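Nothing in this text is a laboratory measurement; each read-out follows from the coordinates by a stated rule. Keep in mind that what you see is a predicted model, and the values were worked out from it rather than measured. So basically every Cβ, Gly included, is an ideal-geometry build from the backbone, and we count neighbours across all protein chains shown.
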Amino acid sequence: MAGLTKEQWEKELIDGLEGMDKNKGKRAAAPIMGKGVHHPYTMPLCNRVITEDMIRLFASAVGDPNPLWVDEDYAKTTRWGGIIAPPLCEIMIAETAAVPPPLDIPGLTYMNGGSERFYHSVIRPRDEFTAWDTYMGYVEKSNPDKPYRLFVLTGKREFENQNGELTVTVISNILVTARYPEMGADKGPKPQKDFSGIKRKRFTPEELAQVGASYDKELDGTLRRGSKKLCYEDVNVGDELNELIKGPYDYSDAVSFFGVSGYSKAFAIKWADIRVNTAACFEDAETGALHLQPDWHFSDDLARKNGVPFAPIFGTQIEASLAQMVVNWMGDDGVIRKTSMQIRAMIFLGDIFVCKGKVVKKYEEDGKRLVDIEIYAEKFGTDILSVKGTATVEL
C-alpha cells in the first residue's frame, strides 16, 4: 500500500468496505479459536463450555463480589436454585459479535463503539454453546471538522446452548477511524501529536478514600439488594440507583479483564494474527516489533500512535460495571433482559469512573413487568460522559 496518493488510498478504503457488504445479511457459524487464523474482531469462540470456576473467574475479573455468582450455598436459596452467570459473562465465550476482518490498509483504527445485548435465558454452569454470526453492514458517520473519516461496522452474534435454545444475542458496533497516513519530507510517517504536556491526575487522599469507602460497601453488601425482593409496585420513575465507583484503573484491572475476554494470544499464535494484517498492528518504539492492536490497552506509547494520550480501558469492562450496578439494584429475583450502551469518550489507565442510573419507565408487556433504566458512566469529578445507555429489567 506504500506510495498511494490520498485519492488512491480512499478508493482502496471504500472498495474494501463495499467488498465486505457482499456477505451482508448472511448467517454463518461463528469461527472457533484454534481452527484457522483469525483477524482481530472476527472474535472466534474461545470457550464453549461455561463452568462454575469460569463464572467465579469472570466475577473476580470485573470486580463483582455478588455471592449469587460464586457461593453455591447462597445461590441454592435463590429462585435460581444454584449459581448462574452474571450479565456479560458471555464475553468468556467471545467478547463481542464479529465483523469482517480488518482491511489491510494503513491508517485504520478499530475500536469498540458499544453494543446491544439481549438476554433470553440465564447461563448456568456446564452450559455448552455454539454461535451464529450475521454481518449487518456499515454506515459512514464522518464529521467534516475531523481529520479522519469515521465508519461504523455492525455485527450480530446469536449464542445457542446445548439444547438449541437462543440464550444471548449480541449486536456490536465497531468504530473504524480512517486517517490518510501522510508522509513527511524524509518519506517517513509524520510525527504523532505531542502529548508530553499531558499528565495523569494525581488523586488526593480524600478522593482515594471515597473510592475505598465505595469498595467497602460493595464488599459488605451495602450497595446490593441481594435476597430482598424488589416488587414492581414499589418502583417509581425517577428512582436512582446506588452509584458504583471504580478505579483508579490500573494494569491489574486491565490484565484481569483481558484474560477472560478471549483476546489472550502469545508467541506463534499471536504472530499468526499479526502477519496477515500488519497495517493494523503497532510498532514498538523500543524493539521495533509489531504488536496486536489490542495491546494499546496496556501501553501509553502504542495509544499515542492512535492519537490518544494514555492506554484506554476496555469498553466492555465499563459495560460490565454498569450491568453490575443494575443487578445490585434489582436483586436476586430480577432479570436483565436487555442492555444497550454507546461508548462516547475514552476512560484511560489511571482514571476513576462512576456508574450511575435512574428509572425512566415502567410498563407491562406480554405479561411481563418491565422497568427501563438510564445508565451511564462518568469520569470521576467531572461531567465527562464516557458510556451512556439503557437497561431493561424484568421484575
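Quick look at the values:
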| quantity | calculated |
| --- | --- |
| Residues ILE336, ILE198, ILE318, sorted so that the one with the fewest Cβ neighbours within 10 Å comes first | ILE198, ILE336, ILE318 |
| Highest-MSF residue in the chain out of ASN173, ASN236, ASN328 [GNM, Cα springs under 10 Å] | ASN236 |
| Sorted by Cβ density within 10 Å, fewest first, the residues ASP372, ASP133 | ASP372, ASP133 |
| The chain: mean projected area of Cα convex hull, nm² | 21.1 nm² |
| Listed residues VAL326, SER264, GLY25: farthest to the positive end of the dipole of the chain (Cβ charges) | GLY25 |
| Vicinal HN-Hα couplings computed from phi for the range 292-305 (Karplus, 6.51 cos²θ - 1.76 cosθ + 1.60; Hz; Gly/Pro x) | 4, 4, x, 5, 5, 6, 10, 10, 4, 4, 5, 4, 5, 5 |
| Local electrostatic count at MET136 - Lys and Arg +1, Asp and Glu -1, tallied over other residues with Cβ under 14 Å | +2 |
| Counted charge near PHE282, where neighbours are those whose Cβ lies closer than 9 Å (Asp, Glu -1; Lys, Arg +1) | -3 |
| DSSP H segments from the chain that extend 15 Å or more along their own axis, Cα-based, with Kyte-Doolittle mean of 1.0 or above | none |
| Most positive-pole-ward Cα, PRO181, THR109, ILE171, against dipole of the range 100-238 from beta carbon charges | PRO181 |
| Relative contact order of the chain, defined on C-alpha pairs under 8 angstrom at six or more residues apart (%) | 17 percent |
| Other-chain or far-sequence residues with amide H under 5 Å of LYS362's (modelled H) | ASP372 |
| Most to least packed among 93-105, 72-84 [average Cβ atoms within 10 Å] | 93-105, 72-84 |
| Of ASP194, ASP21, ASP332, the one that fluctuates the most in a GNM where the chain has Cα springs shorter than 10 Å | ASP194 |
| Placed amide H near PHE380: partners under 5 Å, 5+ positions off or other chain | ILE352, PHE353, VAL354 |
| Cα-centred dipole magnitude for the range 254-395, charges only on beta-carbon of K, R (+1) and D, E (-1), debye, nearest 20 | 240 debye |
| The range 192-255-the range 298-347 distance, computed between alpha-carbon centres (Å) | 12 Å |
| Rounded FRET efficiency, nearest 0.05, which uses the C-beta distance separating GLN162 from VAL360 and R0 of 35 Å | 0.40 |
| Residues TYR41, TYR251, sorted so that the one with the fewest Cβ neighbours within 10 Å comes first | TYR251, TYR41 |
| LEU103 long-range amide H proximity, modeled H, under 5 Å | none |
| Antiparallel bridge percentage (DSSP; both residues within the range 1-155; nearest 5) | 90 percent |
| Max mean-square fluctuation residue, GNM over the chain, Cα-Cα springs under 10 Å, options LYS228, LYS146, LYS265 | LYS146 |
